[in-house]
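Asker: Structure incoming, see below.
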Amino acid sequence: MALWFSPLSVIAQDAKPPQTVYLTAKGIVDPVTGLYSQNPAILIENGRITNIGSATQFPAPAGATKIDLPDQTIMPGMIDMHVHLTSSPTARRQNRLEQREVITGVANARKTLMAGFTTVRNVGAARYSDIALRNAIADGDIPGPRMYVSGPPVGIIGGHCSDDTYSPPEDNKYGENVATGPWEMRARVRKNIKYGVDLIKTCSTGGVFSKGTVLGAPQGTVEELKAIADEAHARGLKVASHAHGTIGIQNAVEAGIDTIEHASFLDDKTIRMIKKNGVFLSMDIYNTEYTLSKGKENGVPEESLQKEREVGTVQRESFSNAVKANVKIVLGTDAAIYPHGDNAKQLSRMVEFGMNNAQAISAATNVAAQALGKDDLIGRLAIGYSADIIAVKGNPLDDITTLEEVSFVMKEGKVYKGQ
Ligand SMILES: [Zn+2]
């Protein structure tokens with residue numbers, strides 16, 4: 001039987017007719033050059049950009065579906081590098097049932113996409129709720145951003161990455177992915193990879209929202225962190241480490257971790273190390289305002305509020321110093337600490353604390369794509385890239401807050417908002 005003929009004929013029968021979209025707008029922002037151009041036209045076929053230029057350069061091909069946004073500026077869909085879609089500020093403690101967390105994630109995924117975020121990196125979810133959510137979005141069952149997910153974080157017993165936060169000790173409950181020593185850490189990484197994660201999340205200091213942990217105190221040894229990084233890198237995955245305190249940040253950099261989350265206490269030596277190693281910083285400098293104003297009514301314990309008071313101002317100073325030093329910084333907001341969908345509010349704080357508008361846009365697009373290792377697919381609008389396109393009224397290079405009101409969202413060539 002000529003089996004080798006069958007796949008070809010099956011593909012031919014099942015192939016969908018090519019979907020061609022011709023998109024025009026008033027202007028376009030290119031995050032790579034930081035420049036604005038008028039009258040752009042983009043040709044999209046089967047979800048990918050196949051031509052881009054000025055509308056005067058190339059007209060709409062016959063049969064193409066036309067979308068015109070005559071009073072709007074288009075740019076690549078934004079990327080938030082630090083979210084937890086399966087939890088919310090008011091639901092963190094109650095949603096302990098895995099199935100409930102996935103449903104929370106369905107609602108949050110939609111809000112995030114509609115806010116102009118076509119890609120997110122989800123850095124920490126209980127069990128594998130993030131994988132279920134990612135797959136449901138990828139299968140087209142529910143609307144949401146393209147997700148890169150870590151599964152349950154890998155870390156030390158009783159540390160920030162342990163999921164027993166808020167549990168009394170008499171429960172004798174250990175975090176689901178905690179371990180001791182390099183080989184056990186490697187085993188946890190392997191387990192996460194077995195279940196289909198896209199990256200590994202670890203923690204190298206205490207955190208604001210974990211009971212009894214100290215922000216400045218390192219967690220895990222360099223040896224343990226190195227085992228996590230090496231194991232992940234060998235399998236082609238990147239590693240994000242939660243780290244507030246200086247020593248924990250340095251340990252993560254020394255271990256070869258790819259992105260530092262929060263990065264609150266940075267001194268000159270640490271900034272030099274980060275730069276030398278090409279590490280990306282993901283600094284959540286918006287959510288402190290939300291936690292300090294709404295945390296109490298949302299049931300955040302005083303211990304966490306106190307830690308947030310200690311860290312908020314220092315983190316913003318560190319952010320300014322990192323920008324001055326030209327460190328690679330991505331937009332990472334820690335959505336879940338504040339309501340999903342407000343992600344773009346952090347952009348104005350990034351401008352307030354040292355970036356220009358073009359740098360902030362870049363942090364949310366092409367630099368984030370680079371940190372994900374997906375800079376050949378997303379983060380800019382160019383031939384061959386995914387048609388992840390958003391539009392706003394006005395020009396975000398003049399006013400960064402325009403990105404808080406995204407009026408059009410397309411992901412992989414499909415329009416979700418604005419038509
Ligand atoms: Zn987080």
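Asker: Looking only at segment 194-221, which residues are buried (at least 19 other Cβ atoms within 10 Å of the Cβ) and either part of a helix (DSSP H, G or I) or at positive phi (or both)? It would help to see each step written out before you state the result.
Answerer: First, pick out the residues of segment 194-221 that are buried (at least 19 other Cβ atoms within 10 Å of the Cβ): 197-210, 213, 215, 218-220.
Residue satisfying the conditions is G220 alone.
Asker: What are the residues in segment 121-149 that are β-branched (V, I, T), touching a Ser or Thr at 6+ places or on another chain (Cβ under 6 Å) and away from the ligand (no atom under 14 Å from the Cβ), if any?
Answerer: Of everything in segment 121-149, nothing turns out to be β-branched (V, I, T), touching a Ser or Thr at 6+ places or on another chain (Cβ under 6 Å) and away from the ligand (no atom under 14 Å from the Cβ).
Asker: While we're on this one: For residues that are farther than 30 Å from H340 by Cα and in contact with a strand residue (DSSP E or B) (Cβ under 6 Å, 6 or more places away or on another chain), scanning just segment 59-92, find the one that is farthest from the ligand (Cβ to nearest atom). Show your work before the answer.
Answerer: Quick first cut of segment 59-92, residues farther than 30 Å from H340 by Cα only: 59-66.
So of that shortlist, the ones also in contact with a strand residue (DSSP E or B) (Cβ under 6 Å, 6 or more places away or on another chain) come out as 60, 64-66.
Values: A60: 44, A64: 42, T65: 39, K66: 41 Å.
Restricting to residues being farther than 30 Å from H340 by Cα and in contact with a strand residue (DSSP E or B) (Cβ under 6 Å, 6 or more places away or on another chain), the top hit is A60.
Asker: If D267 meets every condition in (1) within 20 Å of A125 (Cβ to Cβ); (2) open to solvent by 30 Å² or more (accessible area, probe 1.4 Å) apart from one, which number is that one?
Answerer: Going through the list (1) within 20 Å of A125 (Cβ to Cβ); (2) open to solvent by 30 Å² or more (accessible area, probe 1.4 Å), D267 breaks only (1).
Asker: For segment 372-408, what are the residues that are in a loop (DSSP other than H, G, I, E, B) and small (G, A, S)? First the steps, then the outcome.
Answerer: If we filter segment 372-408 for residues that are in a loop (DSSP other than H, G, I, E, B), which is where we start, we get 373-385, 387-388, 394-399, 405-407.
Within segment 372-408, G373, G379, A382, G384, A387, G394, S407 qualify.
Asker: Return the residue satisfying two criteria in turn: it lies in segment 253-262 and is in a loop (DSSP other than H, G, I, E, B) and open to solvent by 10 Å² or more (accessible area, probe 1.4 Å), and of such residues it is farthest from the ligand (Cβ to nearest atom).
Answerer: G256
Residue-wise test of (1) within 16 Å of the ligand (Cβ to nearest atom); (2) under 28 Å from G77 (Cβ atoms); (3) not charged (D, E, K, R).
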position: L305; (1), (2), (3): no, no, yes
position: E310; (1), (2), (3): no, no, no
position: E317; (1), (2), (3): no, no, no
position: N321; (1), (2), (3): no, no, yes
position: V327; (1), (2), (3): no, yes, yes
position: G332; (1), (2), (3): yes, yes, yes
position: N343; (1), (2), (3): yes, yes, yes
position: F353; (1), (2), (3): no, yes, yes
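Asker: One residue is enough: does segment 114-132 have a residue meeting the conditions polar (S, T, N, Q), in contact with a Gly (Cβ under 7 Å, 6 or more places away or on another chain) and not in a helix (DSSP H, G or I)? Write out each step before concluding.
Answerer: Within segment 114-132, the first condition is being polar (S, T, N, Q), and the residues that meet it are 118-119, 122, 129.
Then drop every residue that is not in contact with a Gly (Cβ under 7 Å, 6 or more places away or on another chain), which leaves 118-119, 129.
If we keep only those that are not in a helix (DSSP H, G or I) too, we end up with 118-119.
Looking for residues that are polar (S, T, N, Q), in contact with a Gly (Cβ under 7 Å, 6 or more places away or on another chain) and not in a helix (DSSP H, G or I), one finds at least one in segment 114-132, hence yes.
Asker: Let me ask another. Just to be sure, is Q250 assigned by TED's automatic domain parsing to the domain that holds M185, without any contact (Cβ under 8 Å) to a residue 24 or more places away in the chain and either within 16 Å of the ligand (Cβ to nearest atom) or among the polar types (S, T, N, Q) (or both)? Quick ask: steps written out before the conclusion?
Answerer: Working: assigned by TED's automatic domain parsing to the domain that holds M185: yes; without any contact (Cβ under 8 Å) to a residue 24 or more places away in the chain: yes; either within 16 Å of the ligand (Cβ to nearest atom) or among the polar types (S, T, N, Q) (or both): yes.
When the stated conditions are applied, Q250 passes them.
Asker: I'm trying to understand the selection: among the residues of segment 273-288, which are in contact (Cβ under 8 Å) with a residue 40 or more places away in the chain and either in a strand (DSSP E or B) or out of contact with any Asp or Glu (no Cβ under 6 Å at 6 or more places or on another chain) (or both)? Talk me through it step by step, then tell me what you get.
Answerer: Step one: list which residues in segment 273-288 are in contact (Cβ under 8 Å) with a residue 40 or more places away in the chain, which gives 274-275, 278-287.
Passing the criteria: I274, K275, G278, V279, F280, L281, S282, M283, I285, Y286.
Asker: Would a scan of segment 101-120 turn up a residue that is more than 16 Å from the ligand (Cβ to nearest atom), without any contact (Cβ under 8 Å) to a residue 24 or more places away in the chain, of a type outside the set (A, V, I, L, M, F, W, C) and more than 15 Å from Y416 (Cβ to Cβ)?
Answerer: Checked against the condition, which is being more than 16 Å from the ligand (Cβ to nearest atom), without any contact (Cβ under 8 Å) to a residue 24 or more places away in the chain, of a type outside the set (A, V, I, L, M, F, W, C) and more than 15 Å from Y416 (Cβ to Cβ), segment 101-120 yields no hits at all.
Asker: Another question about this same structure. Is it the case that segment 356-363 has a residue that's in a loop (DSSP other than H, G, I, E, B), more than 16 Å from the ligand (Cβ to nearest atom) and open to solvent by less than 40 Å² (accessible area, probe 1.4 Å)? Outline the logic, then answer.
Answerer: Taking segment 356-363 and keeping what is in a loop (DSSP other than H, G, I, E, B), we get 356.
After this cut, where a residue has to be more than 16 Å from the ligand (Cβ to nearest atom) as well, the list is 356.
From what is left, the residues that are open to solvent by less than 40 Å² (accessible area, probe 1.4 Å) are none.
No, the conditions are met nowhere in segment 356-363.
Asker: For I131, are the conditions met, namely being open to solvent by 10 Å² or more (accessible area, probe 1.4 Å) and within 28 Å of H244 (Cα to Cα)? First the steps, then the outcome.
Answerer: Working: open to solvent by 10 Å² or more (accessible area, probe 1.4 Å): yes; within 28 Å of H244 (Cα to Cα): yes.
Answer is yes for this residue.
Asker: Further question: Among the residues of segment 209-222, what is the count of those that are hydrophobic (A, V, I, L, M, F, W, C), closer than 18 Å to T259 by Cβ and within 15 Å of the ligand (Cβ to nearest atom)? Please lay out each step first, then the result.
Answerer: Keep residues of segment 209-222 that are hydrophobic (A, V, I, L, M, F, W, C), which gives 209, 214-215, 217, 222.
Okay, now just the ones that are also closer than 18 Å to T259 by Cβ, so 222.
Keeping just the survivors that are within 15 Å of the ligand (Cβ to nearest atom) gives none.
Residues flagged as hydrophobic (A, V, I, L, M, F, W, C), closer than 18 Å to T259 by Cβ and within 15 Å of the ligand (Cβ to nearest atom) within segment 209-222 amount to 0.
Asker: Mind listing whichever residues of segment 153-183 are open to solvent by less than 50 Å² (accessible area, probe 1.4 Å), out of contact with any strand residue (DSSP E or B) (no Cβ under 7 Å at 6 or more places or on another chain) and at pLDDT 95 or above?
Answerer: Passing the criteria: G181, P182.
Asker: Here is a follow-up. Check D388, D398 and return the single one that is among the acidic types (D, E) and within 24 Å of Y22 (Cβ to Cβ). Before the answer, list the steps.
Answerer: Details: D398 fails: within 24 Å of Y22 (Cβ to Cβ).
Exactly one residue qualifies, and that residue is D388.
Asker: Does L372 count as among the hydrophobic types (A, V, I, L, M, F, W, C) and surrounded by fewer than 18 Cβ atoms within 10 Å (Cβ to Cβ)? So that I can check it myself, show each step before the final result.
Answerer: On the way: among the hydrophobic types (A, V, I, L, M, F, W, C): yes; surrounded by fewer than 18 Cβ atoms within 10 Å (Cβ to Cβ): no.
No.
Asker: Of the conditions (1) away from the ligand (no atom under 16 Å from the Cβ); (2) in contact (Cβ under 8 Å) with a residue 40 or more places away in the chain, S241 satisfies every one except a single condition; which number is it?
Answerer: Just one mismatch for S241, condition (1).
Asker: If you go through segment 291-302 one residue at a time, do you hit one that is in the same structural domain as T202 (by TED's automatic domain parsing), surrounded by 22 or more Cβ atoms within 10 Å (Cβ to Cβ) and either aromatic (F, W, Y) or within 18 Å of the chain's Cα centre (by Cα) (or both)?
Answerer: No, the conditions are met nowhere in segment 291-302.
The values are calculated or read from the model by the stated rules, or taken from the named source; none is laboratory data. Predicted, not measured: the structure shown is a model, and the values here were computed from it. Cβ: placed from backbone, ideal geometry, glycine included. Neighbour counts: every protein chain shown. For accessibility, only protein heavy atoms count, side chains too; no ligands or nucleic acids. Shrake-Rupley method; radii C 1.70, N 1.55, O 1.52, S 1.80 Å.
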